[in-house]
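For reference, the structure is listed below as structure tokens.
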Amino acid sequence: GQQVMQIPQYQHVQEGEDFTTYCNSSTTLSNIQWYKQRPGGHPVFLIQLVKSGEVKKQKRLTFQFGEAKKNSSLHITATQTTDVGTYFCGTSYGKLTFGQGTILTVHP
Amino acid sequence: DTGVSQNPRHKITKRGQNVTFRCDPISEHNRLYWYRQTLGQGPEFLTYFQNEAQLEKSRLLSDRFSAERPKGSFSTLEIQRTEQGDSAMYLCASSSGGTGAKGNQPQHFGDGTRLSIL
């Protein structure tokens, strides 16, 4: 089945710094979904990308899907303490196959 | 939209006992999923239903695990003869579903049932 690898595993930033997490697959993906899980919470859907080279923005968050549809990234500009949590990428074909997640901590 | 509801929130049981968890999906969603999540890992897929039909089961789902969705609404996940390795958060999610692009709808997760095996 399809697998997605996510890096880095952890990222510590100072409030105001930028943050990026990357998602990679050895196979072409039909879609990428991104979820955020706050500490002690459940995954919450952020966005889905389906087109080659697609870029979508949500306020300070920018999501990209690679031209070959084998990689994706999530970039947060000027992090805030409310951004803390684990960010997961996943690919959906009925079920969701998640990456390992990137744990983001933000120091005020 | 009352969200996905899971009960109980926490379950502590002795090794060898049977446990059952319940999930009530968002009412208009026809797809229901079960995942297992351990600390520091992403959720791992266990099984999913479209209406009352169980469409896929993970190889992770041993014979001790069974899931049902008899009326296409709520679902139960039962673990028989629990083992230490079953300790995890069990997450339920629901989505609308269909074929092609409609099959990739966002999934809405419940708060999970945390299982601890003594």
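Where a number appears in this text, it was derived from the coordinates with a stated rule and is not lab data. These numbers were taken from a predicted model, which means no experiment stands behind them. Every residue, glycine as well, gets a Cβ built from its backbone with ideal geometry; the counts of neighbours run over all protein chains shown.
General remarks:
- Taking N as its residue count, the alpha carbon Rg of region B:12-118 over 2.2 N^0.38 Å: 1.05
- Share of Cα-Cα pairs in region A:4-108 lying beyond 22 Å, as whole percent: 24 percent
- Residues of region B:48-79 with amide N under 14 Å of the 7 Å Cα→Cβ point at B:GLN17: B:79
- Under 20 Å from B:LYS14, Cα to Cα: aspartates and glutamates that are on another chain or at least 8 residues apart: B:ASP63, B:GLU78, B:GLU83, B:ASP86
- Residues of type aspartates and glutamates that B:LYS71 reaches as a straight line, Cα spacing below 19 Å, ignoring anything fewer than 8 places off in the same chain: B:ASP24, B:GLU28, B:GLU52, B:GLU56
- Fraction of the pair-distance distribution of the protein assembly as shown above 27 Å, Cα-Cα pairs, percent: 34 percent
- Förster-model FRET efficiency, 41 Å R0, A:GLU67 and B:SER27, C-beta, rounded to 0.05: 0.55
- Three-way shape label, region A:37-95, alpha-carbon gyration tensor, a/c 1.5: oblate
- Mean projection of the Cα convex hull over all viewing directions, computed for region A:6-45: 4.1 nm².
- Net +/- balance of residues flanking A:VAL4 in space, Cβ distance below 15 Å, scoring K and R +1, D and E -1: +2
- Using distinct alpha-carbon pairs, which all enter the 1/r mean, Kirkwood radius of region A:66-105 in Å: 12.0 Å
- Applying 1/(1 + (r/R0)^6) with R0 = 41 Å to the Cβ-Cβ distance of B:GLN54 and A:VAL84 gives a FRET efficiency near 0.65.
- Across region B:44-101, the volume of the C-alpha convex hull divided among the residues equals 101 Å³ per residue.
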